[in-house]
1. Given the options G187, G116, name the one that is at positive phi and open to solvent by less than 50 Å² (accessible area, probe 1.4 Å).
2. If a residue must be within 18 Å of K35 (Cα to Cα) and either outside any loop (DSSP other than H, G, I, E, B) or open to solvent by less than 60 Å² (accessible area, probe 1.4 Å) (or both), how many such residues does segment 119-165 contain?
3. Would you check if N209 is polar (S, T, N, Q), surrounded by 13 or more Cβ atoms within 10 Å (Cβ to Cβ) and more than 30 Å from N81 (Cβ to Cβ)?
4. Does S177 satisfy being open to solvent by less than 70 Å² (accessible area, probe 1.4 Å) and modelled with pLDDT under 95?
5. Give segment 228-243 a look and list any residue that's surrounded by 13 or more Cβ atoms within 10 Å (Cβ to Cβ) and closer than 15 Å to L321 by Cβ, or say none.
6. Could you check segment 206-240 and list, in sequence order, the residues that are under 21 Å from L264 (Cβ atoms) and either under 23 Å from the mean Cα position of the chain (by Cα) or outside the structural domain of L295 (by TED's automatic domain parsing) (or both)?
Amino acid sequence: MYPWLKEQAQQLTRLIAQQQLGHALLLKGIDGLGKRELGRHLAQALLCQHTNIEAEVATLQATTAIPCGHCHACQLVLAGNHSDLHIIRTEQRSISVDTIRQLTQVLSESARLGHGKVAVIEQAEKMTEAAANALLKTLEEPAGQSSLLLISSQPERLLPTIRSRCQQWLLPVPDSSLVLGWLEEQGLAATGEQAILSALNVNQGSPLNTRDYLTAGTDQRRQQLLRQFAQLRQQPQLLTDIQAGLLEQAVHLLWLQLLLQDALQLALGLSSASLRLVDSESLCRGVSALGTAKLTQALGELVQLRRTLQTSTGRPVNAGLQLTQWLNDWLIN
Ligand SMILES: [Zn+2]
């Protein structure tokens, strides 16, 4: 279990052992926290043969860790082979009503191993409205000993009726010092503390996304692009390269926004201790010389631009034109 999830995992498995966890749990938290792994762990705990004993006996055996990891049920879950565990996971854009109907049908049948059934729905916000409605009855009155685990990083996109029928559990964004140590253990120690902390901020505190971002070498691209941008007013011939670079990925405009936010913070005379791009202080300081009025305006327009592009129909021509306008404003004013 990831170190930042250990405490939450213990609390949740304790509730399972004490049979105090509701039959439907909604696990919420940002992308790249390890919610899927935690979901599997909880499913294993629910199915573990040591969980499924009378509450009185459970109290006597309170020292038995749950999930035990060695009973028949645990081994089947670990092998991905437990016939009473049903995991809905899709790379498609949505989870269809048919998928949910099949699931509710399976859940209504009796458990093969006699210890209840568990369904895990990953990225539950992908359920279509019809799919969500098909799940409501099962959420209200689960058949037999069924348990449902819904996992979502965008729970606000779930129907309110789904949310209200679940016990909701929010996984917090982990403390950066904890994640820093873990990332260093993942072979990233050579990256350096400041670069890791910046990368963590760029990835909104998400440990797994930060690991992938650093491993893929994406951070070099960020540093290159932001360095070019910081030189743009002195070297306008970089314009075409920068524009193309900023349009490569939606997140590249977020990088630029963080740079401007940090620069504005420095221009306002605030401490450099709370910079988000801690490894790019000299870049931010260079940009901050443009002054608060210029930075406030550019930042406001950039935030607006990002919002427009996120909700647009995705026509690249529009994005290009709007970004050109923004970059021209940046150059001339
Ligand atoms: Zn077990």
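The values are calculated or read from the model by the stated rules, or taken from the named source; none is laboratory data. Note that the structure is a prediction, hence the values are computed from the model and not measured. Note: ideal-geometry Cβ built from the backbone for every residue, glycine included; neighbour counts use all protein chains shown. With ligands, DNA and RNA removed, areas are computed over all heavy atoms of the protein, side chains included. Shrake-Rupley method; radii C 1.70, N 1.55, O 1.52, S 1.80 Å.
1. G116
2. As a first pass, look at segment 119-165 and keep what is within 18 Å of K35 (Cα to Cα): 119-127, 147-158, 163.
Among the residues that remain, those that are also either outside any loop (DSSP other than H, G, I, E, B) or open to solvent by less than 60 Å² (accessible area, probe 1.4 Å) (or both) are: 119-122, 124-127, 147-153, 155-158, 163.
Qualifying residue count for the region: 20.
3. Details: polar (S, T, N, Q): yes; surrounded by 13 or more Cβ atoms within 10 Å (Cβ to Cβ): yes; more than 30 Å from N81 (Cβ to Cβ): no.
When the stated conditions are applied, N209 does not pass them.
4. no
5. L239, Q243, listed by residue number.
6. Filtering segment 206-240 for residues under 21 Å from L264 (Cβ atoms) gives 222-223, 225-234.
Correct list: R222 only.
So that you can scan it fast, the table gives a plain yes or no per residue for (1) at pLDDT 95 or above; (2) closer than 21 Å to Q44 by Cα; (3) aromatic (F, W, Y):
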site	(1), (2), (3)
S108	no, yes, no
A119	yes, yes, no
E122	yes, yes, no
M127	yes, no, no
A131	yes, no, no
K137	no, no, no
E140	no, no, no
